[in-house]
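Scroll down for the structure; my scribbles are underneath it.
The values are calculated or read from the model by the stated rules, or taken from the named source; none is laboratory data. A quick note: this is a predicted structure, and the numbers were derived from the prediction, not measured. Virtual Cβ from ideal backbone geometry, glycine too; neighbours counted across all protein chains shown.
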Amino acid sequence: MDLGLIGLGKMGGNMRERLRRAGHTVVGFDRNPEVRDVDSLEEMLERLPSPKVVWVMVPAGDPTRETVRTLNGLLSEGDIVIDGGNSRWTDDQLNADLLAEKGIGFVDCGVSGGVWGLENGYALMAGGDKKHVETVQPIFDALKPEGEFGWVHAGRVGAGHFSKMVHNGVEYALMQAYAEGWELLSKVDEVDNVTEVFRSWREGTVIRSWLLDLLVAALDEDDHLDQIAGYAEDSGEGRWTVEAGIDNAVATPAITAALYARFVSRQDDSPAMKAVAAMRNQFGGHATRTAPPPGGDVSAD
């Protein structure tokens, strides 16, 4: 299958490679001339047969909205746009309605897998009309992990990004629980080897998970996380999940507390946030801040 891919960053670039390994033809465009295949969107579309399929993998918000508007002026009836970024689900129907005026299909797709997706595959949560999803199914099949799981047509337009939003909210809470456990174990005199305690949990316990594996990997690199500041960003989905809970009268106390803990981390150097920052770096390549020297400033890593 032929695909145009806009956005070749940490995830987009690896997705291009995974698709090519699966035998698909991918024409990639990015503002960075060092990674792109073509120099303009127009050139990218010229290389694609009709009906054209274009995957948008750019930052959420205005960059995605502007890209969709530009594609609306360049594409034709029967073409399909997939938004695979972390867009807010409320944008999806607006984008679908805009494209539908010209008979262009729209699929929203939440993507999880971070920097490990090239080798392990990406978990995909798609929303959109069944016929549009079925048309681009070969792309999803190539990107998903091997095996039975890791892919779902979650529902109508917006369902994919809503599902990914909740996924990330759950991720906030899980990371916070591991991080608080790590801080408590590190605090007491009785436990001599916190890293080995966490390593022992990787088999046989009910709390084993990939996030736990990644935290152990981070601790193997820096046993006390001395090189990481206790500061963790939030990329939006946690806030949106809490807001959706309020809108739907669904209590989300664990997710909300995890979100607020990240806000607190921006005021004090939190030991637990060192662990959260370390896990974010392990699974997504998210930048960490280096721990400041005594009395020094925190600098960007």
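Brief remarks follow.
- Selection within segment 119-154 - under 15 Å from the mean Cα position of the chain (by Cα) and surrounded by 18 or more Cβ atoms within 10 Å (Cβ to Cβ): Gly121, Tyr122, Ala123, Leu124, Met125, Ala126, Leu143, Lys144, Gly150, Trp151
- Here Asp92, Asp79 are screened, and the one residue that is within 21 Å of Ala244 (Cα to Cα) and among the acidic types (Asp, Glu) is Asp92.
- Within segment 59-78, the set of residues being part of a loop (DSSP other than H, G, I, E, B), surrounded by fewer than 23 Cβ atoms within 10 Å (Cβ to Cβ) and at pLDDT 95 or above comprises Ser76, Glu77, Gly78.
- Considering residues of segment 1-11 that are within 16 Å of the chain's Cα centre (by Cα) and free of Cβ contacts under 8 Å to residues at least 60 places away in the same chain only, the residue surrounded by the most Cβ atoms within 10 Å (Cβ to Cβ): Leu8
- A residue that is within 28 Å of Glu42 (Cβ to Cβ) and either of a type in the set (Val, Ile, Thr) or not assigned by TED's automatic domain parsing to the domain that holds Asn14 (or both) cannot be found anywhere in segment 83-98.
- Leading residue by the ranking (surrounded by the most Cβ atoms within 10 Å (Cβ to Cβ)) among those in segment 14-46 that are touching a residue at least 24 places away in the same chain (Cβ under 8 Å) and farther than 27 Å from Glu119 by Cβ: Leu45
- The set of residues in segment 110-125 being without any contact (Cβ under 8 Å) to a residue 40 or more places away in the chain and closer than 12 Å to His161 by Cα consists of Leu124 alone.
- Restricting Gly85, Gly28, Gly4, Gly13 to those that are part of a loop (DSSP other than H, G, I, E, B) and not acidic (Asp, Glu) reduces the list to Gly85.
- Checking Glu243 against (1) within 18 Å of the chain's Cα centre (by Cα); (2) closer than 23 Å to Gly85 by Cα, the condition it does not meet: (1)
- Check on Phe162, of a type in the set (Phe, Trp, Tyr), farther than 19 Å from Gly13 by Cα and within 17 Å of the chain's Cα centre (by Cα): yes
- Scanning segment 234-272 for residues that are aliphatic (A, V, I, L, M) and touching a Lys or Arg at 6+ places or on another chain (Cβ under 7 Å) gives a single hit, Leu259.
- Set side by side, the residues Phe162, Phe140 differ, and just one is in a helix (DSSP H, G or I), under 29 Å from Ala277 (Cα atoms), hydrophobic (A, V, I, L, M, F, W, C) and at pLDDT 95 or above, which is Phe162.
Conditions (1) assigned to a helix (DSSP H, G or I); (2) at pLDDT 95 or above; (3) in contact with a Cys (Cβ under 6 Å, 6 or more places away or on another chain); (4) aliphatic (A, V, I, L, M), marked per residue:
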| site | (1), (2), (3), (4) |
| --- | --- |
| Leu174 | yes, yes, no, yes |
| Leu184 | yes, yes, no, yes |
| Val206 | no, yes, no, yes |
| Asp226 | no, no, no, no |
| Glu233 | no, no, no, no |
| Gly238 | yes, no, no, no |
